[in-house]
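Inspection log for the structure reproduced underneath, given as structure tokens.
Since every read-out is calculated from the coordinates, none of them should be taken as a lab result. Note that the structure is predicted; figures quoted are calculated from it, not measured. Cβ sites come from the backbone with ideal geometry, for glycine too, and all protein chains shown count toward neighbours.
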Amino acid sequence: MNHSKKPIAGFTLIEVLIAMAILAVAFGAIFFAANNHIQQLAYLQDKTAANWVGMNAIAQYQIHLVGSGIAGDNESGSENMLHDSWHWTLTSNRTQNKGVLRLEVTVKKNDLPAELIHLVGYAVSNEP
């Protein structure tokens, strides 16, 4: 009779703990990267919506208000874009070119204090 002990296959407690530590670090890094990516996507979506709102404000001024628009006009309004409410402010100023107005628009999300985007556009004025 041969009673030799066969080695038991498996992992030691230290090996299991090291593997769990490596997995914890890896999953933590993946979670951090995914969270950062989601935040960047939300920021880019807000920036895009704010840009569209600002361009709409400039286009509306160029189309509808330029006939009566004079330098120094201030317009403001709100618009819904991508399921959010946005507030814009437009200021027109004279340029060196006669009859051309410089339009500056700032856009902010209604629930945030700081502006998200600042756009500049131009319009032809009927002002002499």
Farthest towards the positive end of the dipole of the chain, among Tyr61, Leu101, Gln39 and with Cβ unit charges of +1 on Lys and Arg and -1 on Asp and Glu, lies the Cα of Gln39
Nearest 10, in degrees from 0 to 90: the angle of helix 13-60 to the longest Cα principal axis of the chain is 10
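Order of Thr91, Thr48, Thr106 from fewest to most other C-beta atoms within 10 Å?
On the way: Thr91 16, Thr48 13, Thr106 19.
By the 10 Å Cβ count, ascending: Thr48, Thr91, Thr106.
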Label model pair Leu17, Asp84: point-to-point distance (7 angstrom along the Cα→beta-carbon line) in nm is 4.7
Out of Ala29, Ala114, Thr89 - ranked by how far each Cα lies towards the positive end of the dipole of the chain, with unit charges on the beta-carbon of charged residues - the top one is Ala29
As straight-line cross-link partners of Lys108, the qualifying aspartates and glutamates (C-alpha separation under 20 Å, not fewer than 8 residues apart within one chain) are Asp46, Asp73, Glu75, Glu79, Asp84
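What does the helix-only formula give at 222 nm for the chain: each DSSP H stretch with n ≥ 4 adding -39500 (n - 2.57), the total divided by the residues, and the result rounded to the nearest 500 deg cm²/dmol?
Taken over the chain, the calculation gives -14000 deg cm²/dmol.
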